[in-house]
1. 7 Å from Cα along Cα→Cβ at both B:Ser55 and B:Ser274: what's the point-to-point distance in nm?
2. Order the following by accessible area, largest value first: B:Ser274, B:Ser152. Probe radius 1.4 Å; ligands, DNA and RNA are ignored.
3. By how many nm would the segment from B:Ile348 to B:His281 lengthen if fully extended, with 0.36 nm per residue of separation less the alpha-carbon distance?
4. Rounded to whole Å, give me the distance from the Cα center of the range B:163-229 to that of the range B:292-332.
5. Helix B:89-101 versus the longest principal axis of chain B: what is the Cα-based angle in degrees, 0 to 90, to the nearest 10?
6. On the protein heavy atoms, probe 1.4 angstrom, tell me the percent of accessible surface of the range A:270-348 carried by carbon and sulfur.
7. So what are the ³J(HN,Hα) numbers for the range B:128-136, from phi and the Karplus equation (6.51, -1.76, 1.60; θ = phi - 60°), rounded to whole Hz, Gly and Pro as x?
8. Taking chain A as the reference, fit the longest principal axis to its C-alpha atoms, fit the long axis of helix A:61-74 to the helix C-alpha atoms, and give the angle between the two in degrees, 0 to 90, nearest 10.
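The values are calculated or read from the model by the stated rules, or taken from the named source; none is laboratory data. Since we're looking at a predicted model, the values are computed, not measured. Quick reminder, even Gly has a Cβ in these numbers, built from the backbone with ideal geometry, and neighbours come from all protein chains shown. These area figures cover heavy atoms from the full protein model, side chains too; ligands, DNA and RNA do not enter into them. Shrake-Rupley method; radii C 1.70, N 1.55, O 1.52, S 1.80 Å.
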Protein chains: 2
Amino acid sequence: LENRQILLGSQTHAKSSLRRFIMIDERVDEIYGDSIRGYFRHHAVEYHILTLSTSEQKKNMDTVLQCTEELETFGISRRCEPIIAIGGGVLLDIAGLVSNLCHRGVPYIRIPTTLLSLVDASIGAKVGVNFSGHKNRLGTYYPPLATFLDKSFLRTLDSRQISNGLAEILKIAVAKDKKLFALLEENGSSLIQDKLQDMHVSPLIIQHAIQGMLDELAPNLWEHELERYVDFGHSFSPVIEMRALPELLHGEAVAIDLALSTVLAYQRTLISTSDLNRVLHLIKTLELPLIHSVCTPDLLHEALQDTILHRDGLQRLPLPTAIGSARFFNDVTVQEITIAIDALKRLI
Amino acid sequence: LENRQILLGSQTHAKSSLRRFIMIDERVDEIYGDSIRGYFRHHAVEYHILTLSTSEQKKNMDTVLQCTEELETFGISRRCEPIIAIGGGVLLDIAGLVSNLCHRGVPYIRIPTTLLSLVDASIGAKVGVNFSGHKNRLGTYYPPLATFLDKSFLRTLDSRQISNGLAEILKIAVAKDKKLFALLEENGSSLIQDKLQDMHVSPLIIQHAIQGMLDELAPNLWEHELERYVDFGHSFSPVIEMRALPELLHGEAVAIDLALSTVLAYQRTLISTSDLNRVLHLIKTLELPLIHSVCTPDLLHEALQDTILHRDGLQRLPLPTAIGSARFFNDVTVQEITIAIDALKRLI
């Protein structure tokens with residue numbers, strides 16, 4: 001309660017009392033709303049809480065404009081009153097875009113409350129919303145003033161939400177961190193059961209995952225380089241996720257993409273049978289799917305075409321070359337993808 | 001026709017033919033559409049032209065989303081196919097925001113066709129749209145890949161559009177360039193009559209105006225410093241313009257703000273009677289208004305409050321201290337504003 005870090009921001013010139021506009025996920029408000037309100041009252045902050053019911057379907061420009069309208073009514077100074085966003089990835093992505101667009105940019109603070117947002121959405125500068133059936137098609141790069149990470153929020157998640165976040169951790173593990181992969185193999189089930197509340201393994205896993213992301217994003221925050229290891233699991237998944245809505249969570253679509261990419265790598269003899277099996281087995285241990293009925297060759301071809309546009313004319317498809325390493329390929333064919341889909345379907 | 005500069009952009013990786021998405025003002029399309037299409041055909045470019053009927057009322061997020069939808073249908077690569085925007089300030093501001101939001105940023109090229117956009121909207125990095133009755137309330141900073149200036153476009157403008165642009169030139173002149181002010185005094189009427197097509201004075205005036213803007217904007221492109229000489233004429237005018245829509249053009253609202261600020265400066269004995277008269281006389285010579293019926297003390301108070309939010313808690317109001325110089329003030333009162341409005345009303 002006495003921690004004033006969340007009130008970070010420079011002093012306004014004209015006003016005597018602190019003012020804050022807070023955006024918060026509906027579910028987070030249900031659980032933590034009273035203590036959050038208590039915090040701002042305790043610090044005599046004039047605040048307005050905007051509670052959002054979030055989902056990938058509602059992650060659109062309409063929601064952004066509703067938020068900016070409410071922000072406009074509250075009135076916000078341009079530099080000194082950071083928007084505070086508390087919630088999962090959808091909320092943080094919306095809040096980031098609202099913050100960027102209003103007055104061409106007001107500062108904002110990210111407080112992730114899900115595992116997925118803790119290790120993924122809060123790292124880096126990307127904000128945005130879905131548009132025209134495309135995942136995150138409208139957005140900007142807009143880094144927050146600060147991000148506060150508190151894994152005690154994970155306590156109240158259901159296990160599917162934990163698995164959802166583990167998919168992004170698995171991505172980092174397969175693409176570039178075999179130590180992290182081993183940690184997931186050894187602790188996968190208990191991570192889900194304990195919701196990462198243990199004091200030994202989970203901090204290590206979260207630290208590896210975030211450090212892995214930071215190492216990739218920090219030197220390439222604006223994506224001048226389009227061959228990105230963090231795109232592993234994100235070549236087919238945007239279209240899979242959007243087409244399967246609301247059935248698949250983001251991390252579940254990523255897991256399917258990881259499985260598919262790993263099988264593609266195996267078919268090209270980039271990885272051994274043993275590595276293939278370890279990856280597929282770990283996906284199952286983490287209670288994530290290997291495939292989904294929307295995954296037809298046509299759909300995945302469409303997904304790849306969209307990815308090529310997004311990666312400026314080349315596939316730049318990261319495929320694992322071992323557990324903990326990957327390379328980029330530009331010549332994956334629809335035939336290979338069709339064979340990979342069939343292989344995955346036989347596994348389930 | 002042989003000039004390939006407008007096709008600026010790096011080579012795409014996968015495609016053999018150049019592709020370009022072109023956004024163009026309806027009026028520009030009427031006059032220059034055939035030759036523009038001829039140009040792209042001549043260079044064997046696969047192109048799509050989006051013709052927009054623009055106005056301050058249509059400068060909103062709905063229009064941005066219609067454009068992104070059409071862009072999405074055309075399909076655009078992320079780095080190699082700059083959007084080409086040809087038109088006035090409203091079109092360029094919309095095109096800039098569309099370019100920033102799509103794929104979190106595709107390159108774009110600005111080709112201004114009005115005097116206002118030539119000396120103002122195409123300089124700097126600001127893009128945006130009106131929102132919730134507020135001028136340019138939603139937007140970002142997103143510099144173009146290139147801007148091509150061609151004053152022969154001005155030939156087909158009506159004289160009101162020329163005056164509209166001269167207001168922004170006058171702003172630079174009063175705030176920081178007495179040589180430019182003298183050029184406007186000596187040539188005001190003929191500039192409007194010739195639509196800046198002469199080969200001697202107009203290039204000099206345009207060069208002074210743009211250089212004056214660049215000197216201010218280049219070291220402060222992201223507005224970390226909120227005391228900006230280029231905000232002269234832009235403290236009261238955003239609200240005046242939005243409230244008087246569609247009666248006042250942007251430059252006309254700016255001229256009223258210039259007149260008001262100059263009278264405020266005179267009331268504070270910052271400038272002489274002679275300087276006051278020169279400024280007010282030049283505004284009239286340039287066929288711009290000194291005041292408008294929406295300008296009540298209440299409205300201008302509201303405008304100032306909004307400006308204070310936008311300037312982070314302080315008025316930071318630029319007032320002239322002579323012709324060609326200005327200083328910033330934070331203590332202008334409603335009473336002073338009321339007296340200034342009355343003074344201007346007596347002048348017309």
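1. 4.6 nm
2. On the way: B:Ser274 70, B:Ser152 35 Å².
Sorted by accessible area, descending: B:Ser274, B:Ser152.
3. Working: separation 67, 0.36 × 67 = 24.12 nm, distance 1.14 nm.
That works out to 23.0 nm of additional length.
4. One Cα centre to the other: 21 Å.
5. Helix B:89-101 and the main axis of chain B meet at about 60 degrees.
6. Working: 1870 of 3410 Å².
After summing per-atom areas, the C and S share lands at 55 percent.
7. Running phi through 6.51 cos²θ - 1.76 cosθ + 1.60 with θ = phi - 60° gives x, 9, 6, 8, 6, x, 9, 5, 6 Hz.
8. Rounded to the nearest ten degrees, it is 20.
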